[in-house]
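Colleague: Quick one: this structure, given as structure tokens, is what I'll be asking you about.
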């Protein structure tokens, strides 16, 4: 992606806008704005290389890091997830949660999230289609993981489903997929 702002929606209550890419003393940064409907938010996931930070502008955010306690924050407060920390967040309130923040370094997160959101929207807003989820999760396994999905499914099931998807022509939409970052 190169034109900003770029907005993606998952069809289930989450809208993410990629505002711009900038640089600071620590490298490249992707600035974002997130709007989350009450009760919505991404599933338990991890990004192995990226730091993610959100500052609440409106509403409330609830989050949990794997093994930790549920926490909440309101307007003016920030939440930062370190690389490699499995987490999820959601809107626990009655009004839209609006946050601004960043992802550092961006790497392939724009492509990955754009494809996941598009698949989720095509699939009714609840979760991405199985062939899309398998392909994206397997291709970018060193960068991102949906940790709410059991490890054996991610390690053994996804490569098989992705291969079947390839045979059925389901993976053609990913012809322009960028090369994954490897650990």
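Colleague: Does residue 134 fit the bill of being surrounded by fewer than 22 Cβ atoms within 10 Å (Cβ to Cβ) and in a helix (DSSP H, G or I)? Give the steps one after another, and end with the answer.
Modeller: Numbers: surrounded by fewer than 22 Cβ atoms within 10 Å (Cβ to Cβ): no; in a helix (DSSP H, G or I): yes.
No: the conditions fail for residue 134.
Colleague: Same structure again: So, in the range 165-183, of the ones that are surrounded by 10 or more Cβ atoms within 10 Å (Cβ to Cβ) and farther than 16 Å from residue 128 by Cβ, which residue ends up farthest from the chain's Cα centre (by Cα)? Give the steps one after another, and end with the answer.
Modeller: Within the range 165-183, the first condition is being surrounded by 10 or more Cβ atoms within 10 Å (Cβ to Cβ), and the residues that meet it are 165-166, 168, 170-171, 173-174, 177-178, 180-181.
If we keep only those that are farther than 16 Å from residue 128 by Cβ too, we end up with 166, 168, 178, 180-181.
On the way: 166: 23, 168: 26, 178: 16, 180: 15, 181: 16 Å.
Checked the range 165-183; the qualifying residue farthest from the chain's Cα centre (by Cα) is 168.
Colleague: For the range 44-62, name all the residues that are touching a strand residue (DSSP E or B) at 6+ places or on another chain (Cβ under 6 Å) and outside any loop (DSSP other than H, G, I, E, B).
Modeller: Initially, the range 44-62 is screened for residues touching a strand residue (DSSP E or B) at 6+ places or on another chain (Cβ under 6 Å), giving 44, 46-47, 50-62.
Within the range 44-62, 46, 47, 51, 52, 53, 54, 55, 56, 57, 58, 61, 62 meet the criteria.
Colleague: Next question. Give the range 77-94 a look and list any residue that's farther than 22 Å from residue 27 by Cβ, in contact with a strand residue (DSSP E or B) (Cβ under 7 Å, 6 or more places away or on another chain) and not in a strand (DSSP E or B), or say none.
Modeller: Going residue by residue through the range 77-94, those that are farther than 22 Å from residue 27 by Cβ are 77, 86, 88-94.
After this cut, where a residue has to be in contact with a strand residue (DSSP E or B) (Cβ under 7 Å, 6 or more places away or on another chain) as well, the list is 77, 86, 88-92.
Of everything in the range 77-94, those that are farther than 22 Å from residue 27 by Cβ, in contact with a strand residue (DSSP E or B) (Cβ under 7 Å, 6 or more places away or on another chain) and not in a strand (DSSP E or B) turn out to be 77, 86, 91, 92.
Colleague: Give the range 5-38 a look and list any residue that's within 21 Å of residue 121 (Cα to Cα) and outside any strand (DSSP E or B), or say none.
Modeller: 5, 10, 11, 12, 13, 37, 38
Colleague: If residue 6 passes every condition in (1) over 12 Å from residue 99 (Cβ atoms); (2) buried (at least 16 other Cβ atoms within 10 Å of the Cβ) but one, which one does it miss?
Modeller: Result: residue 6 fails condition (2) only.
Colleague: Would you mind finding the one in 68, 41 that is without any contact (Cβ under 8 Å) to a residue 60 or more places away in the chain, crowded, with 19+ Cβ neighbours inside 10 Å and in a loop (DSSP other than H, G, I, E, B)?
Modeller: Details: 68 fails: crowded, with 19+ Cβ neighbours inside 10 Å.
Only one candidate passes the filter, namely 41.
No value in this document is a laboratory result; all are computed from the given coordinates. Predicted, not measured: the structure shown is a model, and the values here were computed from it. So basically every Cβ, Gly included, is an ideal-geometry build from the backbone, and we count neighbours across all protein chains shown.
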